[in-house]
Amino acid sequence: MVSTPLPQVAETDTPQVQGAPGELVLYDESMTRVYIADPLPEERSALRLVLQDLRLEVIGEAADWSTALVQAPGLRPNMLLIDWSMLPKGTQNVALADLREACPGVLVIVLISHLDARQQAAMSSGADTFISKGETPERMSERLRTVAAGIRPV
């Protein structure tokens, strides 16, 4: 079995994803633009697949907080998916406030690996919502679809 690597956003000027082998799916400007910030490449890849299924445009990715904070504003996302573990420890409120200042009007979704007190901390730190990474792909898709439906284009 030959696997086809997923295209990286940085490889093209216009983000494209592969549908069926050899087929490209082009996004139009009215689609919800999503930026993914997660330290694990396999989790970014899985998120990219879920977002592709939802016909959402992944406009950029980061593996660390400083990259996300520098890149995301220039890409003008409608939605940011951020892994909780990427936020600087002890300063999550400040980090999310900095992100909101850099990306006004963006919907911030914090991804949490374990549901516990961090769930409440994510919400009180300035996230619009949270999604557990432990959700099934179907449940994650449902949550993302619901959130994306409420986004107005910038």
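Scanning region 83-107 for residues that are free of Cβ contacts under 8 Å to residues at least 12 places away in the same chain and surrounded by fewer than 12 Cβ atoms within 10 Å (Cβ to Cβ), which turns out farthest from GLU61 (Cα to Cα)?
Applying the filter and picking the extreme gives GLY90.
What number goes with the only condition from (1) touching an Asp or Glu at 6+ places or on another chain (Cβ under 8 Å); (2) in a helix (DSSP H, G or I); (3) modelled with pLDDT of 90 or more; (4) not β-branched (Val, Ile, Thr) that LEU81 does not pass?
If we test LEU81 against (1) touching an Asp or Glu at 6+ places or on another chain (Cβ under 8 Å); (2) in a helix (DSSP H, G or I); (3) modelled with pLDDT of 90 or more; (4) not β-branched (Val, Ile, Thr), just (2) comes out false.
At least 2 residues that are at pLDDT below 85 and under 21 Å from LEU54 (Cα atoms) in each: list the helices (runs of 4 or more DSSP H) lying fully within region 89-154 that qualify.
Hits in region 89-154: 137-149.
Name every residue in region 54-68 that is surrounded by 18 or more Cβ atoms within 10 Å (Cβ to Cβ), of a type outside the set (Val, Ile, Thr) and over 21 Å from ARG139 (Cα atoms), in order of residue number.
Scanning region 54-68 gives GLY60, GLU61, ALA62, TRP65, ALA68.
Among the listed residues LEU26, LEU51, LEU40, LEU47, identify the single one that is exposed (fewer than 15 other Cβ atoms within 10 Å of the Cβ), of a type in the set (A, V, I, L, M, F, W, C) and at pLDDT 90 or above.
LEU40
The values are calculated or read from the model by the stated rules, or taken from the named source; none is laboratory data. Computed from a prediction, not measured in an experiment: that's the story for all the values here. Neighbour counts run over all protein chains shown; Cβ positions are idealised from the backbone, glycine included.
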